[in-house]
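Before any comments, here is the structure.
The values are calculated or read from the model by the stated rules, or taken from the named source; none is laboratory data. Since this is a predicted model, take the numbers as computed values, not measurements. For neighbour counting, all protein chains shown are included, and Cβ atoms are generated from backbone atoms with ideal geometry for every residue, glycine included. Accessible surface is based on the protein model in full, side chains and every heavy atom, while ligands, DNA and RNA are left aside. Shrake-Rupley method; radii C 1.70, N 1.55, O 1.52, S 1.80 Å.
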Amino acid sequence: MPRFVIQEHDHPAEGLHWDLMLERGAELATWRLATPPDSGPLAAIEARPLAAHRAAYLDYEGPVGGGRGSVRIWDRGDYEVERWDATEVAVRLSGQRLRALARLAAGRLVLALALLATGCAWATALVPLPVAWAAGDPSPPIAMSPSDEEVRAAVERGVAWLRARQEKSGAWLGTYSDAYASGPSALALYALLRAGVAPDDPAMEKGFTLLLSRPLEKTYSVSLAIMALAARYEPPRGLLHDADEGETTVRRRFFRRRVRPQDLRWLARAVQWLLERQEAGMWAYPQPNRDLSNTQFALLALGQARDLGVEVPPEPFAATVEYLLGAQQATGPEVPRFHVPAADHAIAELRKGEIRQRRREGGTVAPGEEDALHARGWGYVADQAPRGSMTAAALACMVIAKEALEARPDFQKAAAARVDQALRDGAAWLAREFRTDTNPGTSNDWLYYWLFSAQRAGALTGCDRFGRHWWYENGATAILENQRDDGCWEQTEGGAKAGPIPDTSFALLFLTRATRSTVVERPVTHGDRELGIEVEPAAEGRFRVRFRYVPGEIAPPERVSLAGSFNEWSADGLPMAWDAEAGCWEAVLELEAGRHTYKFVLAGPAAAGDDPRWVTDPSNPLLEDDGKGDFNSLLRLR
């Protein structure tokens, strides 16, 4: 189903207005609205057609280039077309804040809308609508997502608080430190690394020296230590977008080149320790009683070790699948179908970046509607009622196991179809029960652990939302609202609680999307960001490429040049011209199809002390290791 977004645009010259954008193929049909869309139960709003916008604006928030102010998402969701021709556009919008029938004709937009909590029948001033459209489930309107700046500020405060709690020994001490000597330290290291603290930071070095010297004990502690170690050797994000290689290949090569011998030896011992303690597909503390929480952490750790190239046999993943298939609720209420990428596609296909690329090009990514979804969750153990945290944990385990097993014929024959349906129905349980003020199915036990688990489940299943719940936007809003003045998070009400160090770590892991989505978006050519690269076809097999550098320094450079594989890395061979209106440096080249690497060369005040200064393109997330301990920006043309 095509998507829409309504952006609140604060323009310095034109003032505050709202832009309605409807996905049409690879572009967004766009109208400017003079007043907000929720002006009343029936709103006649002036709408001015604009030029089509790039599809990247479906998810973009932040500054708009050329001094055009900034935008933030007011609402977004899916839409259905009732009519689209030269005289009228009529679409049904199903978003977070509103459900509406919108008609655009003669330069005016009429919205007949109801907020999600109300529900009503509508008529419009242009065309009578003898139809009642139920508002759907009665949950309250979903809050607007916090801006990137607000999230970054919250993360910075949380990181500062957590760093300040490190002991002189290098450890972090939590509520359960007596039982889990290494657990709080491993969790804090993992969260700080995912939040952007450098692996060679002295505090990280000190923490790992202590952590890896301690004996292997307790499933939680060993698993978290493996996850922290994997984060220590995580490649820069740009390397993982290489169009010629899969993420796993890039990650393993990066790990082999950088890993310290003692870390590799420790990792092998820790993986073997976990493998020896699995029973009937599950793990315990260790204690006689096994549970899904310990099992989640163990399987997450084994999955990350496997990604790094450590040999992990398939049998532990298969055993966990068999347990989870038997432990899931047998039946559940029907839930409207929605796309669950990890169930509807092979994980290998998702990691190749083909699914969202087809969506951007207007293709269909979701399968048919023939398989109904039924909300079926998981409990802490097989005979307990389902919980949010445990259902999210089971979904994460299922995806990790599916990825490890899907190439095996025996898995495809015996379990693949059941796993896919279990994933769909588990996601349906979250769609039905999702909330951010409590761990669903509990007396508000382990709130931030639940949100951490929801982030993993959303990322690994590839779901941007569970049903109508945009899990990240909702969760981030709740987390930011509950951050304490000193920068930490701590659950103070409800049932079982973890304490401020684990809660802060879990909140940071959620906000930073520590678990990356299984659905990789692999751009053919880069150009999604404002004032980024623009690519146009030229002669056969060649492209006209406009490079832009937007100065972000306090003291901007006096001169900028473009250097790359296309000019033998000459520092001054391609000077860029300053565009005062756009506020950036520009250079236009005609390049052949293929791979090109480049950097900007800055000269002047910004490069003081290191003149000239070579920098990667801040608007291009694609990077390539230069083999000298640094990176180049990567452009792929085809």
Query - Phi to ³J(HN,Hα) by Karplus 6.51 cos²θ - 1.76 cosθ + 1.60 over segment 377-391, Hz, x for Gly, Pro - result: x, 10, x, 4, 10, 4, 9, 9, 5, x, 10, x, 5, 6, 5
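Could you report segment 162-265's accessible area per residue, 1.4 Å probe, as an integer in Å²? Mind dumping the intermediate values first?
Values: 4530 Å² over 104 residues.
Per-residue accessible area for segment 162-265 comes out at 44 Å².
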Query raised in the report: What per residue convex hull volume, in Å³, comes out for segment 203-304 when only alpha-carbon positions are used?
Result: 114
Query raised in the report: aspartates and glutamates within cross-link reach of LYS168: Cα-Cα under 19 Å, excluding same-chain residues under 8 positions apart?
Result: ASP178, ASP200, ASP201, GLU205
Query - Separation in nanometres of the label points that stand 7 Å from Cα toward Cβ, at ALA26 and ARG516 - result: 2.5
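Go through segment 157-256 and name the trypsin sites (Lys or Arg not before Pro) that are in a DSSP coil and have 14 or fewer other Cβ atoms within 10 Å of their Cβ.
Working: sites: ARG157, ARG163, ARG165, LYS168, ARG194, LYS206, LYS218, ARG232, ARG237, ARG251, ARG252, ARG253, ARG256; in loops: ARG165, LYS168, LYS218.
Those that pass, being in a loop and sparsely packed, are LYS168.
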Requested in this report: Using a 1.4 Å probe and counting only protein heavy atoms, arrange ARG97, ARG152, ARG544 so the residue with the most accessible area comes first.
Outcome: ARG152, ARG544, ARG97
Report summary line: GluC sites (Glu not before Pro) in segment 247-320 lying in a DSSP loop, each with at most 11 other Cβ atoms within 10 Å of its Cβ, come to GLU276, GLU311
Query - Simple label model, 7 Å out from Cα along Cβ direction - ARG408 to ARG68, nm - result: 5.3
Requested in this report: Can you check how the C-alpha radius of gyration of segment 460-517 compares to 2.2 N^0.38 Å, as a plain ratio?
Outcome: 1.22
Report task. With a 1.4 Å probe and all protein chains in place, put ASP617, ASP10 in order of accessible area, largest first. Result -> ASP10, ASP617
Report summary line: For LYS628, the lysines lying under 23 Å Cα to Cα, once residues fewer than eight places off in the same chain are dropped, come out as LYS599
Report task. Work out how much length VAL381 to GLU88 would gain on full extension: take 0.36 nm times their residue separation and subtract the Cα-Cα distance, in nm to one decimal. Result -> 99.9 nm
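Report the gain in length on full extension from HIS11 to GLU217: 0.36 nm times residue separation, minus Cα-Cα distance, nm rounded to one decimal. Don't jump to the answer; show the numbers that get you there.
Working: separation 206, 0.36 × 206 = 74.16 nm, distance 5.72 nm.
That pair, HIS11 and GLU217, stretches by 68.4 nm at full extension.
Which length gain, in nm to one decimal place, applies between ALA496 and ARG484 when the Cα-Cα distance is subtracted from 0.36 nm times their residue separation? Write down the numbers at each step before the final one.
Working: separation 12, 0.36 × 12 = 4.32 nm, distance 1.95 nm.
Here the answer is 2.4 nm.
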**Report entry** lysines with Cα under 18 Å of LYS413, excluding same-chain neighbours fewer than 8 positions away
**Finding:** LYS402
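May I ask you to work out the translational diffusion coefficient for segment 307-350 at 4 °C, viscosity 1.567 mPa s, via Stokes-Einstein with Rh from the Kirkwood sum over Cα pairs, reported in whole µm²/s? Each step should come with its number before you reach the end.
Numbers: Rh = 13.7 Å.
The estimated diffusion coefficient comes to 95 µm²/s.
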